[in-house]
Structure formats: C-alpha cells, structure tokens
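The values are calculated or read from the model by the stated rules, or taken from the named source; none is laboratory data. Bear in mind the structure is a predicted one, so any value in this text is a computation, not a measurement. Cβ coordinates were reconstructed from backbone atoms using ideal geometry, including for glycine residues, and neighbour counts include every protein chain displayed.
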Amino acid sequence: MVLVSAAGHSTFSPVGPKADFTTFAWWLLFGVAAFVCVVVISLVVGAAVVRRKARRVSDSPATGFVLTFGVVVPALVFAATFALSVVGIAKQAHPQNRADMTIDVVGHQWWWEVRYPGGAVTANEIHVPVGAAVDLRLTSADVIHSFWVPEVMPKMDLIPGHTNDTWMQVDHAGTYRGQCAEYCGVQHAHMGFEVVAQSPADFQRWLQGQSADAATPTTAEVKRGYDVFTGGTCATCHTVRGTSADGHVGPDLTHVASRSTLAALTVPNNRGNLAGWIANSQQLKPGNKMPPQPLSPADLNAVVAYLETLR
Amino acid sequence: MTLDDVRPDQPPTRADIDAAAAGMLPERAIAEGTVGEKLRELWEEKPGLIGFISTVNHKRIGRRYLVTAGFFFLLAGIQALVMRTQLGSPNNSVVSPETYDQLFSLHGTAMIFFFATPMNNGFGNFVVPLMLGTRDMAFPRLNALSYWIFLFSGLLMFASLPLGMAPDGGWFAYVPLTRQLSGHGLDFYTLGLLFLAVSSTVGALNLIVTTLKMRAPGMTLARMPVFVWSILVQSFMLLFALPPLDLANAMLFMDRRFNTQFFAESKGGDTLLWQHLFWLFGHPDVYIIVLPALGIVSSVVPVFTRRPIAAYPFIVLATVATGIISFGVWVHHMFAVGISEVAESFFAAATLTISLPAGIQMFAWIATMWRGRVVLSTAMLYAISFVAAFVVGGVTGVMFAVVPFDQQVTDSYFVVAHFHYVLFGGAVLPLLAGIFYWWPKITGRTINEKAGKWSFVVVFVGFNLTFFPMHISGLEGMPRRIYTYGADTGWTVWNVLSTAGSYLLGAGFVITAGVLIESLLRDRWAPDDPWGSNTLEWATASPPEDYNFPVIPTVHSLNPLWDGETLPSMAEHRYDDQRTMLDHHKTLRTSELDARVEAIIAMPSDTSVPLWLAACLTLSVIGLLAGLYVLAVIAFAAVAVAAVVWLWKRPDTEEPVDATPPVGRTTGWWAMVLFIATEGATFAAFVASYFYLRFSATGPWPPHGDIPPKIVVPSIATAVIVLSCLPVWLAGRWAANGRRALATTASIVTLCAGAAFVVLQITDWFAEWPASTLSKDAYGSLLFGLTGLHVAHVVVGLGMLAFVAVSLATRRAAARPGGPVSLIALYWYFMALVAVALYVTVYLSPRW
C-alpha cells in the first residue's frame, strides 16, 4: 500500500496560532539547549584533553562550582522554562476569537469519523474556514487514538468513554496532513487524515454539499449499483444519507467521491483503488475491519459507478 | 623468604611482600598468609553442575546476572535491527504489521525489564558486598532465587516470539487496546512482568538490607561509596514503584481472563486508571535504571582523575532527591490525554525540579575532572561520552516540560530520540564503562585497552548516527510505533540515516564482544588493583576469593584504599576472631548509620532449593498463562513446600560480640519491614484505585444499583483480626523471654483467630453474590479483588504462624528477642491494619 497526501506534515511550518507557539517555543528551547550542550560537552571533552598531562591534582570538594552551575544557573533556566510552559498552557486553552462551530471527531480503528453541526458526516477529512477558531470534541469508539496535525496544533488523545474538548484554527488556506499518534493496533500506521482550510465562502459551499442527502441514481448502471449497495452487505456497515443504508460500523459514504483519499490517506481516491478496496481491502490495508466483498465484476463496476456519483 | 616467616612484630618490607605475592596488595598478602587457607576451605562451594545450580555466592550470581542481561540485550538489539531494516525505506515489507508490533513491544519491554535493571543488579550483586567490605549479601539464598526467577521469566517472555504470541500492545500496554487484543501476547506480558517483579522485589530487599546492615566497621553512611548509595536509593524506589505496576498487570490479566471490569468504561472502570498506575511505576523506573548507572560513573571518574569525587554530599543528596521526586512527576507522560491546566502546570513544575539533581551530578563530575589528572582508559572514555549523551537527552527532557511543545512531540520520534539518549546514553554507556572498569575484578583478566578504545569509537558514532536523526523525523511529524510510512512524508532520509547508524552500532557491539572474548582467551592476569582505585572491592584478589576479604577491615574514609589507614587495618586485625571468623560461614552485622559491630551472623551454604522454588513458580505461571489452572495450583503448592523446606534449614545463629546479647535491628527485621512496606504500597495503590474509580464514576456507586454491601459479617471479621493482634503480641513477648510453650500456644490462638477471619470473609463473599460479582462491574471487581488479595495475604500469614508454632515447639526456632515470632507479629499487625483500611474503603465508604 502507499501512503499519500499532497500535504506537508512538519512542525517547522506552522499555519495556526497553536502550532505557531509551539514552533516558536521549539526554536527558543533549541537555542538554550544547544548552548548548554556546547558548554557542557566542551567542559568535559576539554578536561579530557587539557587535564591529561596535569601535574597538580587538587582534592578540593569544589562545592561552590557545583552548586552554582549545577543548581543556581539551572534553577534560573528552569524558572524561565516554567514561565514559558505556563504562558503556553494559558494561550492554548482558549482561542482569541470565540469559536462558532463545533466539530465532533470520533476515532475508530483505523479511520476518523467527522461530524458537523447540521448533519454533515464525513471521514478522514476535516474542512475548516480559514482564520476562524473551531471547537473540536474528540472521543473514540474503541481504543485510544491521538489527533495530530503538526502544522496546525499539538496533539490531543481520543479516549473511549471520555470527551476531550479542544480547538483548532488555521490561518492559511491549504491542505495539512495529520496522522494518528497513539498506537491503536495493527493499522495504526495507516490512520491519516487531512485538514483542509478554505475561504469562508468555499467552506460554506462545501458544508452545504456535505450536509445534503446523497445524489439519486440517474443511469442504469448507477441504479444497479445503488440496488447492490442498499440491498447487500454494504448497507449493514455504511450510511448513505437519503437512502436506506444506515450502517454505523464503517465511514459515512454519502459524499465519498468528494474525498481525496481512501482508507485514511492510504490510497488516492480513484476508480481503480475504489474497486480494489471494495473487492479486497485486506490487500491494501491488511487487518482492517472491512472483509473482502465477493461481488461479481458487473456488480462491482456498478457499485463503483454509484459511489462515484456521491460527490 | 616465605609468608610463614612473617612475624607480627616485625612487618616485612614492601619488597619482600612483592616478591612473595606478585599482584597482591601487601596488606592483603599478609592477611591471606595468616587465614587465607582456612577460609578458602570453609567457603569453597561444591564443584561442577551441583555447584552451578546450588551456588549462593553473590559473585557467581552477579556474573550470571550480567551475562543473562547481556544475552537479553543481544536479543532485544536484534529486534531493533529488524525494525530499523523495515523502516529503512518507505512502504517496506520486511515484516508484516503484526510482527512489527510484536517486535517494538518486546524490544521496549525486554530492554527495560530484562536488560537495564538486571544488568544494574548484576553490578550491584557483584560489587556492593565487596565495596562494603563484607563476605556476601544479607540473604544469599534469596539472591540465588531472584536470579533464577529473572532467568526463567526472561526466557518465558522471549519464548513468546517464536510462538508468534509475543506481546503486541507496546511496552506500556495501554487499555482498552490491550484489553481487546486477541491471542496470548498480553498474557505473556502481564504474567511475565508479575513473575519478574518477584525477582526485582526480592533483589531490592536484599540489596537494601545488605547496604544497611553489613558494612565494614567504620563505614558510616557518609563514607559509603556513591555507587552503593545509588543502589540503595534504586532499591527503595523499586519497592515503592513496582506495586502500582503489579497491580495494573494483575488487573489487566483479570480483565482479560476473568472478565473483571477495572478498565471497562461502561461498567464503572476507567481507561485512564491504567495510565496512572503504569506511569506511577514508569517514571520512577527510568530513574531506577539511570541512578545506578550514574553511580557507576561516580565510581569510574575518581579513579581515572586520580582524586576523590567532588561534592560528595551533594551527589548523595541529589541521588536521594531524584529518587523521591521521581514519584511526583508521572503525569508528564499524560499531557495529551486531556488533563486540567492546573494539573499540567503542577507536573511541568515537578518535572523541571527533578532535573536539578542531575545537574548537580554533571557538574560534580566536571569539577572532578578539571581538578584531577585525567587518564583516558576505555572506561573513562565511556564515562565522558555518557556526560555528552546525557546532557543532550537531558535538555530535550527539559523541553518536554513546556506542555504545548510536549503535546506536539510526544508520541513522535522526537520522544524516541529523547529516551534513547537518556537510556542508551544514560545507562548503556555507563554500563559499558562499568564492564571495562570492573572486568579485571570480575574475570581476573585484563582487556586490550587499545582495542577497547576502538570499540568505543564505533559504538559511540553508531549510537549518535542511529538516534540523533530521530529528533528531526519527530519534528517533521513522524509518529511512533508505525510499521511503515509513505515516500512523500519527507521522513525517508532520516530513517535511512538511523538504519545505517543502527548497523554501525550493531557492529560496534560485535567488536566489543570480540574484545571481551579475546580477554577471556588470554592469560593476561590482573593484579588486585590494576587501576589504582579508591574503593574496597579492589582490596581483594582478581577475581575475589569466595570469602572476599580474609580480614574485615576498619574503614576510615570515603576512599579506603587511598587513606593509608583502612588497608593496614586488614593486616592489623588478622588475629582478631571477630574480623576473620574462621569457624563457620559468618560475617558481621553492623549498625545502620555508623557501622558499629552489632553481631556475628551465620551465612547459608550452597543449596538448590532456590532453583526448585523458582522452577515450581515458573510452572505455576505457565499454568496460569495456558489456562491450566489445576497445574497452576499444584505448582504453587509445591512453591509453598519449597518455602517451608527453605525456612526450616535456616542458619538461625546469631552470635553476640563481646559476650553481650546481640544489639540492634536484625537483618530479618529489616526484611520483614521492607516486605510490609512494599505490600503496603500495593494495598495503598489498590485502595487509591478504588477511590479513583469511585470518584470518576458518572453513574451511581455501586454501579449495579445503590445497594451498599452488607456490614454485619465484615464488622465481626475485622474485629476478630484486630483483636488477634493481642495473642500474637503476647507470643512475641513470651518468645523473647524464652517461654516456648506459652509462645507456641499464643501463636496457635492467633492462627485460629486468623482462620476465623478467613472463614468470615468467605462467608461475606457468598452473601454479596450475586448482587455483586467479580465481573458484573468495577465495584464487584474491586470488592472481591481487594478482599481477595487481603485474604491471600492472611492465608500466607496463617502459614507463617503454623510454621512458627511447629518450629518453636520442636525447638528449631530461636526463642529470643528479635526472633521469628516477633517478625511474624509485625506482619500480623500489618494484616490487621489492612483489614481496617479495607473495611472502611469497601464496606463503609459506599454508605457515605
């Protein structure tokens, strides 16, 4: 399998206030840390070099030196570090501007359920308006996962039976890659997601689209696919709003064709991968919870054709 | 001229002694000449296979710990190489995800539990009695037992891998994942670690009692080497850190196997309970690993800077402070779980505080080097490189105290880099320093220093190349514990570097092994003190005789071999029976603070009972693991039998010194008190878990309905056991005054009261059923779990009482102050105290 995303993933390129702070903190801490390391390493290597041929050995306990550089100086550095920590904790607690939208994210083995106010439900993609703070409510349906999109914000765990409240704000339009950061089983490595920041207008358009019910089939092949989907095993696990398919084991597929990847950033979302996933997803993501689907080639093509209309 | 010609009133010249005994310290030569032969005969162990399985000698056991821990290091290291190979390129398929998950879980578990601490214990075992100037550990048979259990638990844990059943929940095994993972992997994990914990607990207890009670006369606490302090602190930490881990592992095993609900959110349990219990152990554990390593550095640096360690009192203070504070920072492993801001700030502050003691030690070593004359032996190169690596690991650790930054990089390769710098840099490098330093003492041979230094270079470069790039891949967003990654993430180059580094590191270890093996194949015999060291272990043969010291010296300073008074005392006291003890296996018991002689105590000779006990316990664990409960019970009964045989053969001889009755606290008293402390910590953790679940429960408590448990029978039971403290106290008093019959009767009365307690408690269990069951909800699991654990402890107490009654009546046990009856009385008071605590917790508190 392949892991794909057009997006970056580095803490060195922050795009929101939370990541801005942690990246700033990093460089500050790095500077101090590098200085300390250089000093200490020079002292110890220097002693090894300079004191090899020393003739006078002093037995002094060197208490003053040890206390000054081992206690007093570090204590000052640590006090400053603590101040930085407290400032950071305070800043990350609440956004500067009030959030006017709450998104619920539910972790599953090995995909992300994303629920918007107004009924839109999608998977593995979180769209937000640029520059706006968004409340996130994080929980899990099975085991502990962790929500980490490094360019945007520090991570927060998704814990079954608990809801973690946090917030997110992205200040630059673009697509940002995230990945689960708490070992959650055999396909932990393939539990990615994307945060897509759009202009407020684009975001509204997207949200309206996602909130709508599924497109009704028009062509014969698509109708056949619709029948196979709603009449067969697909509907027992997946939901397509506006149809009778109301399963809650796997992701909501109402607008699956609008997503850029399949299987939580495992493969790009195209016809071939979609067909391959449905036929035998175990080949692409071994151990995932979707069993192979023994559909005839005609049925498979029909289902794929139907899903491709779910934009 | 021979040593026979030496007369005490005409000390020979140094030249005479040198001629007579090449490589021997002159003072030791004199002492050996007088008493060596007799002692050798007395302390000699059986040869061959019998001797191998029945040895109780701390040096042989210490060597075994080192070799076995080294073997597990090799296995865990190979696992790491496989993982690095898999991660060496994106979308690789060297191993399946299932295999990879077992590899990283077992690698972490093995390195921490089966390599790092046991290797420290190996040095502790071998070096500590020698550094203290005594003849063996306080409890030699217990020492053998702790080794055998370590070996068997390690073999059991690793056996899971070829069976395809290795643990696959990560080394910290978070629930609910581990509650759900199918197969036996997590059962190997929980039971394997519980089994190992017996070894670690018993080993820690042994080291503490040895350190407190068996120091050579004159070695006050202020004259105890830093390494011994670090082992003492580490051992105390183990006694208090292992209980929460053991409790968590027992709860997880019970949840998985017997359907208890400790961690089941829907049944009143809590996912985060696991994390709290685990990290209450886990954080102190990293200092348990690092402190002895720092102690090794404090042993090596003075010798190779030709001067005493600087700021000794502050190093000791730093060691103790680290030990204590380490219990207060555990939540820093949980900064991303959604704790309150107040909690985040508190634990950030505590985490910063614990970095201060480390700074003291670093600058003490630096000061020692700058005021001394540096000798760049291989051991010293490792010590210096450790300082460099540890400061790198330490500064990234401080970064984690900035909570939002922690939340960015926790669970990423940045933290993997951090902990490998502090664990490899902070423990493996000093352990290698220790190996090169103490090698002549342990094996009697010297190492080719030039080859050693080259092996150091390869290891050090390989180590940095492996782990430094991980800082960057972590900052670039690479999470931990992923079996592969995409080519477009940008992580490839850092992974390639790490993989290359790991192969170089592996090569470095192969070269190191080659250097060590070469030394063993050659006859480059080492003298007593090849390095010109300052501590007492170097005043013995290389390797030491079975009895360590022919004459127990009087210690005059922190640097006994440099002070010009301690060594001569060895020769001076060679006709003093109290210091030579030529009639039996004996050594001195001294006072805790000032090391004044209190008594002469008998040491056991070799026996294979520890091996049999360990083997039976192994069978019991295997029975539990495989679900063969009948086997488990029978094997456990065999363990009890072995324990009785062991105790029956106790060398219960304590001789007074100077014809006065023995003074001071006995080694047995300390063992019982420490045992009570660690078991008490277990009950405390369990009670704390009860209240944690109670107060985090969202529904009613008990969850199955607001029905408090019945109170009449538990009230009577608690009263019975509290009142039974009176007969056991009387038994202790009567035994101390030699009144055997009365003491025996009182013990039996206590036993009957205890049995009544057990019956009453079991009656209450039946009364609670089926409203509350072990598996109905967390409350039931807690009720039966807490009272069940207590009953198990009481039953052990009944066994002890029966044993003591029989041995008093048959005159096998000593009826004297401090004898076994008074020790069992202590245990019994503890049982009563726990009964009261559980009564309040389980039966009264639901009514509030």
Pick from region A:85-104, criterion polar (S, T, N, Q) and within 8 Å of chain B (Cβ to nearest Cβ), ranking: farthest from A:V121 (Cα to Cα)
A:S85
Helices (runs of 4 or more DSSP H) enclosed by region B:425-533 - at least 2 residues per element that are among the hydroxyl-bearing types (S, T, Y) and over 25 Å from B:M83 (Cβ atoms):
B:429-443
Filter result (surrounded by fewer than 24 Cβ atoms within 10 Å (Cβ to Cβ) and more than 7 Å from chain A (Cβ to nearest Cβ)) within region B:359-379
B:V375, B:S377
Return yes or no: is A:T68 within 7 Å of chain B (Cβ to nearest Cβ) and among the polar types (S, T, N, Q)?
no
Boolean, A:T266 is among the β-branched types (V, I, T), farther than 20 Å from A:R311 by Cβ and crowded, with 16+ Cβ neighbours inside 10 Å
yes
Looking at region B:518-530, can you tell me whether even one residue there is surrounded by fewer than 22 Cβ atoms within 10 Å (Cβ to Cβ), under 30 Å from the mean Cα position of the chain (by Cα), away from chain A (no Cβ under 14 Å) and aliphatic (A, V, I, L, M)?
yes
Quick one: how many residues across region B:311-354 are free of Cβ contacts under 8 Å to residues at least 12 places away in the same chain and among the acidic types (D, E)?
1
Return the residues of region B:745-772 that are in contact with a His (Cβ under 9 Å, 6 or more places away or on another chain) and either crowded, with 18+ Cβ neighbours inside 10 Å or farther than 30 Å from B:A697 by Cα (or both); say none if nothing qualifies.
B:Q761, B:S772
Spot the failing condition for A:V39; the list is (1) more than 38 Å from the chain's Cα centre (by Cα); (2) surrounded by 15 or more Cβ atoms within 10 Å (Cβ to Cβ); (3) among the aliphatic types (A, V, I, L, M), and only one is missed.
(2)
Consider B:P469 carefully, then state whether it is more than 31 Å from the chain's Cα centre (by Cα) and more than 14 Å from chain A (Cβ to nearest Cβ).
yes
Among the numbered criteria (1) in contact with a Phe, Trp or Tyr (Cβ under 8 Å, 6 or more places away or on another chain); (2) surrounded by 21 or more Cβ atoms within 10 Å (Cβ to Cβ), which single criterion is violated by B:R445?
(2)
Do the conditions hold for A:A75, that is, is it more than 30 Å from A:A133 (Cβ to Cβ), within 8 Å of chain B (Cβ to nearest Cβ) and assigned to a helix (DSSP H, G or I)?
yes
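Table: residues versus (1) under 20 Å from A:A83 (Cα atoms); (2) at pLDDT below 95; (3) outside the structural domain of B:M334 (by TED's automatic domain parsing).
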site	(1), (2), (3)
B:A348	yes, no, no
B:I354	yes, yes, no
B:I366	no, no, no
B:S377	no, no, no
B:V387	no, no, no
B:V392	no, no, no
B:V403	yes, no, no
B:Q407	yes, no, no
B:H418	no, no, no
Please tell me if B:V320 is away from every other protein chain (no Cβ under 11 Å), surrounded by fewer than 19 Cβ atoms within 10 Å (Cβ to Cβ) and not in a loop (DSSP other than H, G, I, E, B).
yes
Set B:E598, B:E537: member being assigned to a helix (DSSP H, G or I), closer than 26 Å to B:V35 by Cα and not assigned by TED's automatic domain parsing to the domain that holds B:N464:
B:E537
Residue count for region B:323-358, restricted to those that are aliphatic (A, V, I, L, M), more than 7 Å from chain A (Cβ to nearest Cβ) and either at positive phi or not in a helix (DSSP H, G or I) (or both)
3
In region B:515-530, the residues that are at pLDDT 95 or above and touching a helix residue (DSSP H, G or I) at 6+ places or on another chain (Cβ under 8 Å)
B:V515, B:L516, B:E518, B:S519, B:L520
Residue pairs qualifying under the 9 Å Cβ cut-off, at least six apart or on distinct chains, with the first in region B:675-694 being outside the structural domain of B:A248 (by TED's automatic domain parsing) and part of a helix (DSSP H, G or I) and the second being surrounded by fewer than 20 Cβ atoms within 10 Å (Cβ to Cβ) and modelled with pLDDT under 95, are B:Y690/B:S845; B:F691/B:S845; B:L693/B:W701; B:R694/B:W701; B:R694/B:S845; B:R694/B:P846
Tell me whether region B:253-272 contains one or more residues that are over 17 Å from the mean Cα position of the chain (by Cα), in a helix (DSSP H, G or I) and among the aromatic types (F, W, Y).
yes
Of residues in region A:13-31 being buried (at least 16 other Cβ atoms within 10 Å of the Cβ) and among the hydrophobic types (A, V, I, L, M, F, W, C), the one farthest from the other protein chains (Cβ to nearest Cβ)
A:V15
Take the residues of region A:121-144 that are touching a Lys or Arg at 6+ places or on another chain (Cβ under 9 Å) and touching a residue at least 60 places away in the same chain (Cβ under 8 Å): which is nearest to B:R481 (Cα to Cα)?
A:N124
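One line per residue, one yes/no per condition, for (1) touching a helix residue (DSSP H, G or I) at 6+ places or on another chain (Cβ under 7 Å); (2) more than 10 Å from every other protein chain (Cβ to nearest Cβ); (3) not β-branched (V, I, T):
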| position | (1), (2), (3) |
| --- | --- |
| A:V114 | no, yes, no |
| A:T122 | yes, yes, no |
| A:H127 | yes, yes, yes |
| A:R137 | no, yes, yes |
| A:S140 | no, no, yes |
| A:V143 | yes, no, no |
| A:P150 | yes, no, yes |
| A:L158 | no, no, yes |
Please pick out the residue among B:P568, B:P604, B:P544 that is out of contact with any Pro (no Cβ under 6 Å at 6 or more places or on another chain) and either surrounded by 18 or more Cβ atoms within 10 Å (Cβ to Cβ) or modelled with pLDDT of 95 or more (or both).
B:P544
With the checklist (1) within 14 Å of chain B (Cβ to nearest Cβ); (2) in contact with a strand residue (DSSP E or B) (Cβ under 7 Å, 6 or more places away or on another chain); (3) surrounded by fewer than 22 Cβ atoms within 10 Å (Cβ to Cβ) in hand, flag the one item A:A173 doesn't pass.
(1)
Go through region B:571-588 residue by residue and tally those that are within 16 Å of B:P129 (Cα to Cα) and not polar (S, T, N, Q).
4
If a residue has to be in a helix (DSSP H, G or I) and either in contact with a His (Cβ under 8 Å, 6 or more places away or on another chain) or closer than 30 Å to A:H108 by Cβ (or both) to count, how many in region B:129-179 make the cut?
6
Could you grab me the full set of residues in region B:393-423 that are touching a residue at least 40 places away in the same chain (Cβ under 8 Å), among the hydrophobic types (A, V, I, L, M, F, W, C), within 7 Å of chain A (Cβ to nearest Cβ) and part of a helix (DSSP H, G or I)?
B:V398, B:V403
